[in-house]
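Below is one structure, written out as structure tokens; the observations come after it.
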Amino acid sequence: MSNEIEIGRGKRAIAAYSFDDIAVIPARRTRDPRDVSVEWQIDAYHVDTPIMAAPMDSVMSPETAIKFGQLGGIGVLDLEGLWTRYEDPTEQFRQIQAMDEDDATVGLQKIYAEPVKPELIRDRLAQIRESGVTVAAALSPQHTLEHIDTVLDAGVDLLVIRGTTVSAEHVSTRSEPLNLKRFIYELDVPVVVGGVATYTAALHLMRTGAAGVLVGFGGGAAHTTRQALGIHVPMATAVADVAAARRDYLDESGGRYVHVIADGGIGHSGDIVKAIACGADAVMLGALLARAEEAPGGGWHWGSEARHSILPRGRRVHVGTAGTLEQVMYGPATRSDGTQNIVGALKRTMATTGYSEVKDLQRVTIVVAPE
């Protein structure tokens, strides 16, 4: 990060920008949206859109992960969520949706106190694999070693290690930390890891051998990390800094490309555009997809931060319903707020700015234009 400013005689701060602070502008050339490609490939896995669905219970069930894969994205199932704690979590979802605001945090903590069951991990992954879509699943850094053998035995195409903040150098005097570099080296499947928000932290994660790095804290619409911990990084600056780390690592490694995936702060289709414009290869969506009719949250949205047993850093929020999952992805849109036909909006912007490939959109001119 750059652009230091003085906030007082004894302290300087870094000026940073969110997606709301920036916009993209057209160039001299425009294209027909039908000539634009938004395809994406990470490792051996090719998909029609550069979109991953966040591993959040309000967003992804085994069924919605399959549906999302069939629609051209990568759905990531939380292997520490309700689907691996309960054989049929229908009643638990109903309870979460019906909770009073004041009781929601305690209610989530009680429901998620049920332990994760290895046999359910196997069953859920097998269900997704049988559909023929890319099998992607997520574990937290704290429980990766505990469940990884079960996950590998069940079969997974893409492993996501996702936490609020993930570093390549976690230090602990109480337990043996996850050695990401050794872990990823010994694994036969590509790993996406994060969140991360700075150039240096991202560069270290890239050196572990990760196929992709998540930028941000995830759970953007539902986390309270800024209120609880005082930690917050505006996403436009974070993505741009991590993209710079990708560029430098590409040179350092002699050509190894690590995908940058924006995870958090994306509430509308325009934010997807801005994330890619700042340097992201793809995005991970939570709240936008939680608004789909098929989403298991039923119009409510929460992340793993909200259920933490000691220090919750999230909440259950009401996001409502915008349409079917297909309508959210491809339209037709009946709303003008960027919550429907998000792929169509991305194609339209690429056509308007003259780019035919998603990767090329990273070269678009950006202006600082706070709302």
Problem set entry | Residue list for the range 26-83, restricted to those being of a type in the set (Phe, Trp, Tyr), in a helix (DSSP H, G or I) and surrounded by fewer than 24 Cβ atoms within 10 Å (Cβ to Cβ) | none
Exercise. Got a number for residues in the range 26-42 being modelled with pLDDT under 95 and either of a type outside the set (S, T, N, Q) or farther than 20 Å from Ala345 by Cα (or both)?
Worked result: 9
For this session: Report whether or not Ala290 is closer than 23 Å to Lys67 by Cβ and touching a His at 6+ places or on another chain (Cβ under 9 Å).
Result: yes
For this session: Identify all residues within the range 276-300 that are in contact with a Lys or Arg (Cβ under 7 Å, 6 or more places away or on another chain) and either buried (at least 24 other Cβ atoms within 10 Å of the Cβ) or within 15 Å of Gln327 (Cβ to Cβ) (or both); write none if there are none.
Result: Glu294
Problem set entry | Boolean, Val273 is touching a residue at least 40 places away in the same chain (Cβ under 8 Å), buried (at least 24 other Cβ atoms within 10 Å of the Cβ), more than 12 Å from the chain's Cα centre (by Cα) and within 16 Å of Ala236 (Cβ to Cβ) | yes
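Take Arg307 and tell me if it is buried (at least 22 other Cβ atoms within 10 Å of the Cβ) and within 19 Å of the chain's Cα centre (by Cα).
yes
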Exercise. If Tyr355 satisfies every condition in (1) of a type in the set (Ser, Thr, Tyr); (2) closer than 30 Å to Pro115 by Cα; (3) surrounded by 17 or more Cβ atoms within 10 Å (Cβ to Cβ) but one, which is the exception?
Worked result: (2)
Exercise. Within the bounds of the range 206-214, is there any residue that is in a helix (DSSP H, G or I) and touching a residue at least 24 places away in the same chain (Cβ under 8 Å)?
Worked result: yes
Exercise. For the range 45-77, how many residues meet the condition of being in contact (Cβ under 8 Å) with a residue 24 or more places away in the chain and more than 25 Å from Asp123 (Cβ to Cβ)?
Worked result: 5
Seminar exercise, completed: Here the residues within the range 281-317 that are over 20 Å from His143 (Cβ atoms) and of a type in the set (A, V, I, L, M, F, W, C) are Ala282, Val283, Leu285, Ala287, Leu288, Leu289, Ala290, Ala292, Ala295, Trp300, Val317
Seminar exercise, completed: The residue from Gly270, Gly220, Gly255, Gly195 that alone is in contact with a Gly (Cβ under 9 Å, 6 or more places away or on another chain), assigned to a loop (DSSP other than H, G, I, E, B) and either modelled with pLDDT of 90 or more or not polar (S, T, N, Q) (or both) is Gly220
Exercise. Exactly one of (1) of a type outside the set (Lys, Arg); (2) assigned to a loop (DSSP other than H, G, I, E, B); (3) under 19 Å from Lys359 (Cβ atoms); (4) in contact with a Lys or Arg (Cβ under 6 Å, 6 or more places away or on another chain) is unmet by Val260. Its number?
Worked result: (2)
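The values are calculated or read from the model by the stated rules, or taken from the named source; none is laboratory data. Only a predicted model underlies this, so the values are computations on that prediction, with no experimental measurement involved. Counting neighbours? That spans all protein chains shown, and the Cβs are built from the backbone with ideal geometry, glycine included.
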